[in-house]
Amino acid sequence: MDHEAASNAVHMRVRIALVVTLALAALVGVTGYVTSSPALCGSCHEMELRASAWKVSAHAETKCVSCHEPQHAWYSAPQTLFARGKLLGRDVQAHLANNQTGPIDRRKTGAAPMSNAVCLQCHSADRKVTSGDKVIIRHAEHAKANKYCVTCHLRTAHPEPLRGRSLSFMAQCFVCHGTPNYPKASIECGSCHPADFNMRPESHRSKQWTFSHGRVSTADRQQCTMCHKQSFCTDCHGLQMPHPAGWVNGKNGHSKAAGKDRTVCAQCHREKPDLCSMCHHKSYDPKKGSWIKQHFLEVKARGAGFCFQCHGPLYCSACHVGSSSK
């Protein structure tokens, strides 16, 4: 009887050990699966832009952990989870310390740059020519000249949202091309693009580009300077663009240009509601019509001397002399 009880106790302990082992294995497996999910990485608001860019990149089918964590053998699950814990702790610390609203900055968090070994897990360093019908690149030559893959392929997995994939990649070319430090790196379009390639970016083909390009150039000037010289803007706008420092209040600012030819301003700024009055006439209300219909209230309240701060003494007579206006 004692022998049977002892045997049952042993069997019970074995079963308990087996259940605990299976439970731990399941916990490790589920934890590993969840922490390897791009959805987890993209759940932090600091990572939203990078996650959305990744979804439209050439690496959209590659998990974050494939590039952003050290690679371990399948049986080294505890080591893998520990590494992910360190990454998570780093990102949480960056979130709490910096209160960031944008993507986490690698330089501030102390994260290491992407090593070539990460890229070579999937890619070969022996590619001779890339990338088909859009760009002509002698890969071996560039690989020899540059120490890291990310010198050229910096935004491959995370193209800049504003620039898009093509211009994000092209921006990296201009780290060398067109700079004094690399005189042999040609800046001619035909050096990298085939003859039948459409040099006009897709964004430029929209009918709205004429009106929307100003916001893009203000936000990211390099997008323009990769192809255009300053004279390109000046020839079209008739003045320096973007507006130089002191444009609002400087003596050589907007008042001089507007006084010379207001149609130059109207190329970008809408005349209605009254553009100048939005700043120069504090009591102006666009809902009540033009400033002409409202200005008499300002004159009545502040006197004509207020008008002459900007306008010449004969300015009023252009309308009032010879008319029924008083």
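Things to note:
- Residue in segment 171-187 that is nearest to His142 (Cα to Cα), counting only those that are at pLDDT below 85 and not in a loop (DSSP other than H, G, I, E, B): Gln172
- Only helices (runs of 4 or more DSSP H) whose full extent lies in segment 210-261 are considered here, and none of them has at least 2 residues that are under 30 Å from Cys176 (Cα atoms) and of a type in the set (Phe, Trp, Tyr).
- Residue check, Ala60 in a helix (DSSP H, G or I), of a type in the set (A, V, I, L, M) and at pLDDT 85 or above: no
- All positions within segment 265-321 that are aliphatic (A, V, I, L, M), part of a loop (DSSP other than H, G, I, E, B) and surrounded by 13 or more Cβ atoms within 10 Å (Cβ to Cβ): Leu275
- Only one of Leu27, Leu22, Leu40 that is assigned to a helix (DSSP H, G or I), modelled with pLDDT of 75 or more, loosely packed, with under 14 Cβ neighbours inside 10 Å and not hydroxyl-bearing (Ser, Thr, Tyr): Leu22
Matching residues to (1) part of a loop (DSSP other than H, G, I, E, B); (2) surrounded by 12 or more Cβ atoms within 10 Å (Cβ to Cβ); (3) at pLDDT 75 or above:
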{"residue": "Arg84", "(1), (2), (3)": "no, yes, yes"}
{"residue": "Gln100", "(1), (2), (3)": "yes, yes, no"}
{"residue": "Ile104", "(1), (2), (3)": "yes, yes, no"}
{"residue": "Met114", "(1), (2), (3)": "yes, yes, yes"}
{"residue": "Val118", "(1), (2), (3)": "no, yes, yes"}
{"residue": "Gly132", "(1), (2), (3)": "yes, no, no"}
{"residue": "Val135", "(1), (2), (3)": "yes, yes, yes"}
{"residue": "Ala140", "(1), (2), (3)": "no, yes, yes"}
{"residue": "Thr156", "(1), (2), (3)": "yes, yes, yes"}
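- Residue identified as free of Cβ contacts under 8 Å to residues at least 60 places away in the same chain, more than 22 Å from Arg155 (Cβ to Cβ), surrounded by 11 or more Cβ atoms within 10 Å (Cβ to Cβ) and more than 21 Å from the chain's Cα centre (by Cα) among Gly238, Gly178, Gly259: Gly238
The values are calculated or read from the model by the stated rules, or taken from the named source; none is laboratory data. Computed from a predicted structure; not experimentally measured. Positions of Cβ are generated from backbone atoms using ideal geometry, with glycine treated the same way; all protein chains shown enter the neighbour counts.
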